[in-house]
Amino acid sequence: MNIGILTGGGDCPGLNAVIRGVTLRGIRKYRDSVVGILDGWQGLVENRSRPLGLQDVERILPDGGTMLGTSRTNPIGDPAMMRRIGATIDRLGLDVVIAVGGDDTLRVCCELHAGGRRTVGVPKTIDNDVRGTDYTFGFQTAVSIGAEAADRLRTTADSHHRFMVLEVMGRDAGWIALEAGMASAADAILIPEFPFDMDELCSTLIALHRRKGHAVIVVAEGAREKSMKDAPTQHAKTDAFGHVMLGGIGHWLAERVSRETGIPARATQLGYIQRGGIPVSYDRVLASRLGIAAADAAHRSDFGSMVALRGEKIGLTPLEEAVREPRLVDLETYEAVLSLLG
Ligand code: F6P
């Protein structure tokens, strides 16, 4: 089989482990040839690729980012781009395209499959919001970095008797804020799924300040106050998929909280630090298993599906189901975590 593999969307710790898993499994078990498509869907639009052999993936397991490069190119709704993608697949003689990405990349994978192309998806995002899989790789790394940042901020909060706000990623889903906050015993966790009430938050923080002299608040970039339609952002730019570039609620919140409580508050935006660098072992293992499973799925002709973690096993989810809507934090889970706060 001639396998093409690409990585799309934001970079994520564990992408290289998937590339390695697909390549080693494909070559060693099936005698496949493997082609790495450069820079996500853009590489198929522009016919940019490189062959992948055993030596190419020998040392990449612990590396962050993706050796193939990535982009947020969106060919959906652009027939000319879709035609060029089809032409490159034919020119390279690819029997299958394995696309590693979040909901946007997987939606393109699904669309190509609907158009008669043979595709397999691998879920990836630090946000952990892809439906049809228990976890996405990269998430545990992001949570570890977030929790360590919150631990560090607590020492400053405690020493200066102030509030410290940590802003983490999470556009639609607050999984990173929830778990990084839990792991660092945060005093408040604000997530996109459940808009918060500013008055309530400020009274809680004043009470906490009286009792402990400080508080650490973990907020997801997509969170908003009840009266707002969208999360406050630094700028109004959008990406190729039409998503507003988030980031800025942390500073906005620190400013409001300090104004309304009269207690100093400072913010730290964790940003790309939580997405770059080496993956934790859990993510290396999960990503490697998904890479192996993707090569196996291609050989079983399980096209139009996504490899997925289900309990302890790797299974398959139809791509259509995976991209229907994001997997969000439910009320029961959030309420349980709230009982740990403060
Ligand atoms: O990888 C997902 C994500 O981290 C989102 O939480 C965030 O909004 C987005 O990527 C930002 O990525 P970029 O600025 O690279 O488009």
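The values are calculated or read from the model by the stated rules, or taken from the named source; none is laboratory data. Predicted model only: the values in this text are computed from it and were never measured. No Cβ is skipped: glycine too gets one built from the backbone with ideal geometry, and neighbour counts run over all protein chains shown. We work out accessible area using only protein heavy atoms, side chains counted, and drop any ligands, DNA or RNA first. Shrake-Rupley method; radii C 1.70, N 1.55, O 1.52, S 1.80 Å.
What are the pairs, 6+ residues apart or on separate chains, where a residue within region 211-227 that is touching a residue at least 12 places away in the same chain (Cβ under 8 Å) has its Cβ under 8 Å from a residue that is basic (K, R) and away from the ligand (no atom under 16 Å from the Cβ)?
Listed by first residue and then by second, the contacts come to H214/R154; H214/R162; V216/R154.
Six or more apart or on different chains, Cβ under 6 Å: which pairs go from a residue in region 156-167 that's over 13 Å from A188 (Cβ atoms) to one that's surrounded by fewer than 24 Cβ atoms within 10 Å (Cβ to Cβ)? Could you list them?
Filtered contacts from region 156-167: D158/H214; H161/G213; H161/H214; R162/P264.
Just wondering, is there one or more residues in region 274-296 that are more than 16 Å from the ligand (Cβ to nearest atom), touching a His at 6+ places or on another chain (Cβ under 6 Å) and not β-branched (V, I, T)?
The initial filter retains those residues of region 274-296 that are more than 16 Å from the ligand (Cβ to nearest atom), namely 278, 280-282, 284-286, 288-296.
Applying the additional criterion that residues be touching a His at 6+ places or on another chain (Cβ under 6 Å) yields none.
Checking region 274-296: not a single residue is more than 16 Å from the ligand (Cβ to nearest atom), touching a His at 6+ places or on another chain (Cβ under 6 Å) and not β-branched (V, I, T).
Of everything in region 216-243 that's within 19 Å of I176 (Cα to Cα) and of a type in the set (A, V, I, L, M, F, W, C), which residue is most open to solvent (accessible area, probe 1.4 Å)?
Here the answer is A231.
Here are R275, R256: which of them is charged (D, E, K, R) and either open to solvent by less than 10 Å² (accessible area, probe 1.4 Å) or closer than 28 Å to V108 by Cβ (or both)?
After applying the criteria, what remains is R275.
Considering only region 261-269, I want to know if a residue exists there that is crowded, with 16+ Cβ neighbours inside 10 Å, closer than 29 Å to A308 by Cβ and within 13 Å of the ligand (Cβ to nearest atom).
So far as region 261-269 goes, no, none of its residues is crowded, with 16+ Cβ neighbours inside 10 Å, closer than 29 Å to A308 by Cβ and within 13 Å of the ligand (Cβ to nearest atom).
Of the residues that sit in region 80-127 and are within 16 Å of the ligand (Cβ to nearest atom) and among the hydroxyl-bearing types (S, T, Y), which one is farthest from G40 (Cα to Cα)?
Here the answer is T125.
Report the residue count in region 285-335 for those that are closer than 20 Å to M1 by Cα, of a type in the set (A, V, I, L, M, F, W, C) and open to solvent by less than 20 Å² (accessible area, probe 1.4 Å).
8
Please work out if L338 is open to solvent by less than 50 Å² (accessible area, probe 1.4 Å) and modelled with pLDDT of 95 or more.
Taking the combined requirement at face value, the residue does not satisfy it.
For region 1-47, which residues satisfy the criterion of being aromatic (F, W, Y) and either in contact with a Cys (Cβ under 9 Å, 6 or more places away or on another chain) or within 16 Å of the ligand (Cβ to nearest atom) (or both)? Write out each step before concluding.
Looking only at region 1-47, we keep the residues that are aromatic (F, W, Y), and these are 30, 41.
Scanning region 1-47 gives a single hit, W41.
Considering only residues that are touching a Ser or Thr at 6+ places or on another chain (Cβ under 7 Å) and of a type in the set (S, T, Y), which ones fall in region 49-69?
The one that is touching a Ser or Thr at 6+ places or on another chain (Cβ under 7 Å) and of a type in the set (S, T, Y): T66.
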